[in-house]
1. If R0 is 35 Å, what FRET efficiency do you get for R129 and Q64 from their C-beta distance, rounded to 0.05?
2. May I ask for the angle, rounded to the nearest 10°, between helix 36-46 and the longest principal axis of the chain, with both axes built from Cα atoms and the value confined to 0 to 90°?
3. May I have the count of lysine pairs in the chain with C-alpha atoms under 27 Å apart, counting pairs 8 or more residues apart or located on different chains?
4. With the crude spin-label approximation of a point 7 Å out along Cα→Cβ, what separation in nm comes out for E91 versus L77?
5. Between Rg and the Kirkwood Rh of segment 66-111, both from Cα atoms, what is the Rg to Rh ratio?
6. Given R₀ = 41 Å, what would the calculated FRET efficiency be for R47 paired with A8, taking r from the Cβ atoms and rounding to 0.05?
7. Note the angle between two axes, namely the Cα long axis of helix 117-132 and the longest principal axis of the Cα atoms of the chain, as a number of degrees from 0 to 90, rounded to the nearest 10.
Amino acid sequence: MTLKYKNASQDETLDSPGPGTRLPVVVMVNGDTASAAEILSAAIVQRGVGILVGTKTFGKGIVQALEPLAGGAYLKLTVARYLTPNGDYIEHKGLMPNVVVAEPKGVTPSSNPASDPQLERGYRVLLQRMAKS
């Protein structure tokens, strides 16, 4: 991922040296998946090591900092943009999962696939990927 600042000399590119995993990876995402979780999810997909299952992510691709002001107040400033490994800026766009599974109304996310249709689908996708490897 890259942190892109107004002053290009401050830009930072962060890259994992690997070797990563050879295990199948499925990441569950939804509209609450934001910021660093989105960047990690994008890296997993864009590097071809896994897929996303769920609904579109939130779309937060900015870095913010707090500057103290007199009297105990703070000013929140946007200081940089997060770019995915492919250079995409996801602010207000989010990520679309490879496998879209709507969040059913009235279902609380769970660790039990029998009571959470999204998790159940993610589990099936993972089993399919495991069978292929």
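1. Values: r = 36 Å, r/R0 = 1.02.
Calculated transfer efficiency: 0.45.
2. The helix 36-46 is inclined about 60 degrees to the chain.
3. Taking the Cα cut-off of 27 Å, the pair count is 16.
4. Each label point lies 7 Å from its Cα, and together they span 1.5 nm.
5. Working: Rg = 18.4 Å, Rh = 15.2 Å.
Looking at segment 66-111, the ratio lands at 1.21.
6. That pair, R47 with A8, gives E of 0.95.
7. 70 degrees
Every number here is computed from the coordinates shown, using simple stated rules; none is lab data. In this text the structure is predicted, and so the values were computed from the model without any measurement. Don't worry about glycine lacking a Cβ; one is built from the backbone with ideal geometry, like all the others, and counts go over all protein chains shown.
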